[in-house]
Amino acid sequence: MWFARDRHPTRGRKQGPTGFGGAETPHRARPLLVPAKAFLLVTVWGWLAVGPSVVAGTPGTGTCAGTAESRAAAMPLITLDGLQARYGVEPSSLDGPSGLATTSVGGGTFNVNAFLGAGRYYGHTTPITGQNTITTNLEAGHVWNGHEALTHVTSFTQGAGAWGGGAVAPLYDRHATWAGHLIGGRQTVANPSIRQQAIAYGTDLRSAAIATVWSGSAYATGFDISSNTLLTAYDASFGTADVINSSFGGGDPSGTGVLALLADAYSFFSPTTTYVVSAGNDGWFGTNTVGSPGSAYNTLTVAALGSANVFNTVSSFSSRGPQNFGYYSGTTPIVVPGVRAAVDIAAPGESLTSGFYGGQTGGNNTSLAGSVNLGSTPAAYSASIAGTSFAAPIVAGGAALVASAAKTLAPLASNTNASQSMVVKSLLLTGADKTTGWNNGQQNVTVGGTTFLQTTQSLDWAAGAGRMNLDKTFDIQFNGQIDVSGSTGLLGTVARRGWDYGSAILGTNNDYIIDTELFGSSTFTATLSWMRPRGFDGNYYEYAQADLGLSVWALDAANNFTTLVARSASQYNTVEHLSFTLPAWGRYGLRVEYASNTFDNIGGLWGTAAFPQSYGLAWTAVPEPATVILAGIAAIVTTWSRARRRCRR
């Protein structure tokens, strides 16, 4: 198996990675460079069969130990030692410090944080900046805390087998510094500027490094990892950090390789840790190119957007679906090609500026041919960096703001459900703006005489739910329905926007009745997110995958769900997503459906009362009824005023 850490987006490649695991064919990717851009994508390879996880315990509600574990086939861990990573890097012509702003376009005045709506969190009476959260950047090397915007980074994790004998300083790395700065960089007291402050500047930013050695020429295009380094970083981060960012991965489009298995198992058993990962930079090769851990099922996978300062189109290099679906039946991999949307959301991934580190450590260490000391000036910056490596930490910063609000603001802070990663993910996806050409395959279908809108795709293959918009996300998180009491069945009335952390039982619908009439021509958006149960206690376990559905219904006067309006029913995803124009003024309801499992290796237990499927649900209707009424009044007044003027002529 090989992974990738956001390989540099490149033209002119002959062949792209198409997979690892099951019947797919693994390829060893070679990093190529694009002039005037800086990228970093890790591609890790090595032959790894199914890997177990060192995690065991209680995932959210219930446990997968005991009966379920005994029914699922155990697959022994294959060592990670010697696993090699590949990535592309900034060309030497841009190795020196440069750049004045958060993008290289706009004369040094463009503010990415404001563009993405972060001001809505900052502007609350209790400003939300990431406080009360921990965010860990987990990759090959460490964030360099000698940079002026990163001096607050003081927590470092690395295994004894990491490069440099387990010490911190030899692992300081340029790519990690770029990524870490975009998560939680802070303005300096002296000479503060836009370029210094990241989205979640108040988070406790930490660094975890997994490289055992870098290989190739400096700036190195490869590194190895080991079981010691990866599992040490995972053990220290999952369950402790609110958000983890990993801008590495590659291959394994079906999510059946060891990195995906471990990412899913750790995420499942640490349900308040949101794992944000880059999709990869293999979009040049077309579809089925999202790399692991981005191809896993419990991650928040991020695409890159171009068209600087507008950021409304997916970068051509950004990896995308449709993606293979895979699971294990016993120890046999089952792969269904081209059926899954692996990308969840998108963020700016071109023309970015971030903190520069040019010292001779990490991927520029002195053991590598061509290593040159390019300086470790605290006020140095790199301009025009690009890649999903840098879109992911921006979303990680956004996730940290959501988690920060959940832990800081009343009444969210008193509700532990507000911090669930499935809720964080659903909120971010529901708040996202649709990018140019966004298409999740929604179309009218007629079944049994009823015509309704349906998608079996759920998300856009390349952009996921669209571009992160934290302004909208804040409204859904804080200014609407805050969780719903009850667990299954009819859950009562809810506000026209909000969220719920729920629990689904196989064969039972969970119904939410929206308490106000919604206007025709309003845009209704909803996201349902859940996790696939995978386990790891020294052996790896593939339990099941629930096939949840999300639908919108028109209600009658007695609040009965009478007419199906829209449905997201993607058999192979762990996300359902709808965004459409309501057909008419009226009362509507949301339904979470649970008719079957995509697969079940534990004898039909998954989805029963003993093993319910937890989920996060978020929804919103725009515009608000009051907005529509005011707009209507304005139109009437304008028409009346014009009529009076005509009468006076």
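The values are calculated or read from the model by the stated rules, or taken from the named source; none is laboratory data. Keep in mind it's a predicted model, so treat the numbers as computed, not measured. Backbone-built Cβ (ideal geometry, glycine too); neighbour counts: all protein chains shown. In case anyone asks, the SASA skips ligands and DNA or RNA and just uses the protein heavy atoms, side chains included. Shrake-Rupley method; radii C 1.70, N 1.55, O 1.52, S 1.80 Å.
Of everything in the range 317-327 that is over 18 Å from ALA392 (Cβ atoms) and open to solvent by 10 Å² or more (accessible area, probe 1.4 Å), the residue that is farthest from the chain's Cα centre (by Cα) is TYR327. Scanning the range 257-306 for residues that are modelled with pLDDT of 95 or more, more than 15 Å from the chain's Cα centre (by Cα) and assigned to a loop (DSSP other than H, G, I, E, B) gives PHE269, SER270, GLY286, THR287, ASN288, THR289. When every residue of the range 372-383 is checked against the conditions, at least one turns out to be surrounded by fewer than 19 Cβ atoms within 10 Å (Cβ to Cβ), more than 22 Å from GLN187 (Cα to Cα), in contact (Cβ under 8 Å) with a residue 60 or more places away in the chain and not aromatic (Phe, Trp, Tyr). Among the residues making up the range 154-174, none is touching a Lys or Arg at 6+ places or on another chain (Cβ under 7 Å) and open to solvent by less than 30 Å² (accessible area, probe 1.4 Å).
Cβ separations smaller than 6 Å between residues 6+ apart or across chains give the following pairs from the range 320-343 residues that are touching a residue at least 24 places away in the same chain (Cβ under 8 Å) and more than 16 Å from VAL575 (Cβ to Cβ) to residues that are part of a loop (DSSP other than H, G, I, E, B) and hydrophobic (A, V, I, L, M, F, W, C): GLY330/ALA73; VAL335/ALA23.
Check the range 228-236 and report whether any residue there is open to solvent by 10 Å² or more (accessible area, probe 1.4 Å), farther than 29 Å from GLN360 by Cβ and not hydrophobic (A, V, I, L, M, F, W, C).
Yes, some residue in the range 228-236 is open to solvent by 10 Å² or more (accessible area, probe 1.4 Å), farther than 29 Å from GLN360 by Cβ and not hydrophobic (A, V, I, L, M, F, W, C).
Being part of a strand (DSSP E or B), closer than 16 Å to LEU182 by Cβ, small (Gly, Ala, Ser) and in contact with an Asp or Glu (Cβ under 9 Å, 6 or more places away or on another chain) is a condition met by at least one residue of the range 337-358. For the range 465-512, enumerate the residues that are basic (Lys, Arg) and either assigned to a loop (DSSP other than H, G, I, E, B) or within 18 Å of GLY589 (Cβ to Cβ) (or both). ARG496, ARG497, listed by residue number.
Considered as a group, the residues in the range 364-403 that are in a strand (DSSP E or B) and of a type in the set (S, T, N, Q) include one that is modelled with the highest pLDDT, and that residue is SER382.
Residue-wise test of (1) touching an Asp or Glu at 6+ places or on another chain (Cβ under 9 Å); (2) open to solvent by 50 Å² or more (accessible area, probe 1.4 Å); (3) modelled with pLDDT of 95 or more.
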{"residue": "SER570", "(1), (2), (3)": "yes, no, yes"}
{"residue": "VAL575", "(1), (2), (3)": "yes, no, yes"}
{"residue": "ALA584", "(1), (2), (3)": "no, no, yes"}
{"residue": "ARG587", "(1), (2), (3)": "yes, yes, yes"}
{"residue": "VAL592", "(1), (2), (3)": "yes, no, yes"}
{"residue": "THR598", "(1), (2), (3)": "yes, no, yes"}
{"residue": "LEU605", "(1), (2), (3)": "no, no, yes"}
{"residue": "THR608", "(1), (2), (3)": "no, no, yes"}
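Yes/no per residue for (1) more than 30 Å from TYR327 (Cα to Cα); (2) crowded, with 19+ Cβ neighbours inside 10 Å; (3) at pLDDT 95 or above:
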site: LYS472; (1), (2), (3): yes, yes, yes
site: PHE478; (1), (2), (3): yes, yes, yes
site: GLN481; (1), (2), (3): yes, yes, yes
site: ALA504; (1), (2), (3): no, yes, yes
site: SER521; (1), (2), (3): yes, no, no
site: SER529; (1), (2), (3): no, yes, yes
site: TYR540; (1), (2), (3): no, yes, no
site: TYR543; (1), (2), (3): no, yes, yes
